[in-house]
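Readers should treat all values here as calculations from the given coordinates under stated rules, not as data from a laboratory. Model, not experiment: these values are computed from the prediction. Note that we place each Cβ from the backbone using ideal geometry, even for glycine, and neighbour counts take in every protein chain shown.
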Amino acid sequence: MDLDLKYPAISDLRNKARRRLPKFAFEYLDSATGTELGYQRNRDAWDSITFMPQILQGEHSFDLGCSFMGQKFDLPFGIAPVGMSGMIWPGAEKILATTAARHKIPYSLSTVAAADPEEVGPHTGGMGWFQLYPPADPKIRRDMIKRAKEAGFSTLVVTVDVPGESRRERQRRALISMPPKMTPSIICSMVMNPHWSLAMARAGAPRMKFPESYVDASGSDAFVHAGRLIRGWPDWDYLAELRSEWQGNMLVKGVMVPQDAKRLVTMGIDGVWVSNHSARQFEAAPSTIEQLPLIRDAVGGEYPLIVDSGISGGLDIMRALALGADFVFLGRAFHYAVAALGDKGGDHLVHILKSDLCANMSQIGSKTLSDLPSKIHHRGVCETSI
Ligand SMILES: Cc1cc2nc3c(=O)[nH]c(=O)nc-3n(C[C@H](O)[C@H](O)[C@H](O)COP(=O)(O)O)c2cc1C
């Protein structure tokens with residue numbers, strides 16, 4: 001089957017994932033919080049950015065390779081951390097780590113993934129980053145980052161935009177419980193989705209293995225305790241301590257305010273990840289692409305910047321790079337891809353993103369990533385912010 005004919009876009013992978021997953025798993029992956037207008041705000045902002053087509057530019061070949069925080073990558077995008085990704089598709093962590101290694105792009109493993117760093121590290125081919133939800137107990141924190149480092153994760157991503165639980169009403173309506181419990185509606189939804197259920201039966205029930213390894217309990221108690229353990233309510237002093245404990249590259253994820261970004265630079269944080277968690281945590285935040293140029297202005301031209309939240313194809317990657325990002329991450333899209341196509345999903349999505357990026361770059365006469373900023377025609381909603 002030619003995947004490019006059957007699933008040419010992320011929306012096709014999403015549709016297929018919706019058909020293949022039990023409702024609770026799809027809603028967990030797909031939902032935002034509140035009325036989900038925050039998600040739409042991100043999308044509207046991406047869509048408002050335009051480029052002027054350029055004609056008669058001669059033959060094209062593209063150089064999409066880039067260097068970010070001293071590491072070389074073949075493409076300017078990566079796979080964002082997604083908690084309980086093994087519940088979305090069994091073994092998703094290893095599948096995506098392998099995809100990242102094959103294409104030389106970063107894969108960020110979540111603290112609350114269904115696989116721990118020791119299991120996933122060997123599959124990353126040096127492309128693994130570890131995302132930390134900071135635990136309150138400094139002893140546990142130190143042990144977590146030590147284990148991540150020993151498992152081969154070279155970069156630490158500290159997520160700071162989850163000060164509490166969000167409501168995510170659509171997810172709740174799907175009667176999801178964590179860890180998944182065998183209620184009649186879950187059993188019914190599993191019977192109707194045999195691909196997922198068989199794969200899950202082979203892999204075993206998904207758990208938050210890494211934080212659970214620090215709690216002295218079992219079953220759903222372990223899950224609840226582990227959830228509390230990583231809600232450390234970090235502040236600036238906490239971050240400074242963590243900075244002194246981690247010798248490698250450290251990124252802070254979930255930054256939306258230029259002044260915060262500036263302060264992170266002065267603290268010795270190596271890079272900032274502009275994210276609003278794709279509106280999963282807070283509905284009223286501005287779009288990330290609106291904040292990106294303001295943050296770029298605040299931190300200066302050379303400082304490493306990532307953006308995510310709502311990216312739906314290669315065109316959005318082009319928009320992000322043109323407005324000041326060095327690198328772009330996608331969370332849901334890679335998990336739609338794995339849910340839709342299993343082992344082949346990550347590769348197919350990389351193909352979609354790469355060919356869409358090249359197709360759009362050829363329309364604006366752009367041959368390298370670095371000339372994208374000069375090709376912008378209209379900054380859309382970002383225009384008013386600058
Ligand atoms: C199901 C799901 C779980 C997530 N879990 C985490 C997590 O454990 N840690 C984290 O830093 N971000 C988490 N995120 C946020 C992503 O890392 C990323 O910021 C976001 O998904 C990017 O937007 P996109 O999904 O529109 O590409 C999660 C996102 C989703 C969709």
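Can you run phi through the Karplus equation (6.51, -1.76, 1.60; θ = phi - 60°) for the stretch 269-285 and list ³J(HN,Hα) in whole Hz, with x for Gly and Pro?
Taking θ as phi minus 60°, the curve returns 6, 7, x, 10, 10, 6, 7, 10, 6, 6, 6, 7, 9, 8, 7, 9, 6 Hz for the stretch 269-285.
Among residues other than residue 154 whose Cβ falls under 15 Å from its Cβ, what is the net charge (Lys/Arg +1, Asp/Glu -1)?
Every neighbour counted, the sum reads +3.
Fully extended, how many nm does the chain gain between residue 351 and residue 183 (0.36 nm per residue separation, minus their Cα-Cα distance)?
56.6 nm
Given a Förster distance of 45 Å, report the FRET efficiency between residue 63 and residue 213 from their Cβ-Cβ distance, rounded to the nearest 0.05.
Step by step, r from the Cβ atoms, then E = 0.60.
Taking the highest mean first, how do the peptides 275-283, 47-55 order by number of other beta carbon atoms within 10 angstrom per residue?
So the peptides 275-283, 47-55, ranked by packing, come out 275-283, 47-55.
Give the order of 382, 188, 358 when sorted by the count of other beta carbons within 10 angstrom, beginning with the fewest.
So the ranking, lowest neighbour count to highest, is 188, 358, 382.
Extending each Cα 7 Å along its Cβ direction at residue 2 and residue 19, get the distance between those two points in nm, one decimal.
In this crude label model, residue 2 to residue 19 measures out at 1.9 nm.
Taking Cα pairs under 8 Å and at least six residues apart, what relative contact order does the stretch 203-328 come out at, in percent?
Result for the stretch 203-328 is 18 percent.
Under 26 Å from the Cα of residue 146, which lysines turn up, not counting those fewer than eight places away in the same chain?
72, 94, 104, 209, 253
Do you know the relative contact order of the stretch 1-145, to the nearest whole percent, from alpha carbon pairs under 8 angstrom that are 6+ apart?
16
In what sequence, highest mean first, do 306-313, 36-43 appear when ranked by Cβ atoms within 10 angstrom?
306-313, 36-43
For a footprinting-style exposure proxy, rank 130, 26 by other Cβ within 10 Å, fewest first.
So the residues, fewest neighbours to most, are 26, 130.
Which order do the peptides 83-93, 59-69 come out in when sorted by mean C-beta neighbours inside 10 angstrom, highest first?
The most tightly packed comes first, giving 83-93, 59-69.
What nm value, rounded to one decimal, do you get for the distance between residue 52 and residue 143 when each label is placed 7 Å out toward the C-beta?
Roughly 6.1 nm, to one decimal.
Note down the net charge around residue 129, summing +1 for each Lys or Arg and -1 for each Asp or Glu among other residues with Cβ under 12 Å from its Cβ.
Result for the local shell: +1.
Remind me, relative contact order of the stretch 3-385 in percent, using alpha carbon pairs under 8 angstrom and six or more residues apart?
Answer for the stretch 3-385 is 28 percent.
What is the extension gain from residue 74 to residue 198, computed as 0.36 nm multiplied by their sequence separation minus the C-alpha to C-alpha distance, in nm to one decimal?
Gain on extension, residue 74 to residue 198, equals 41.1 nm.
Would you mind getting me the FRET efficiency between residue 11 and residue 35? Use the beta-carbon distance for r and R0 = 30 Å, nearest 0.05.
0.90
How much net charge surrounds residue 333 when only the other residues with a Cβ under 14 Å from the Cβ of residue 333 are counted, with Lys and Arg +1 and Asp and Glu -1?
0
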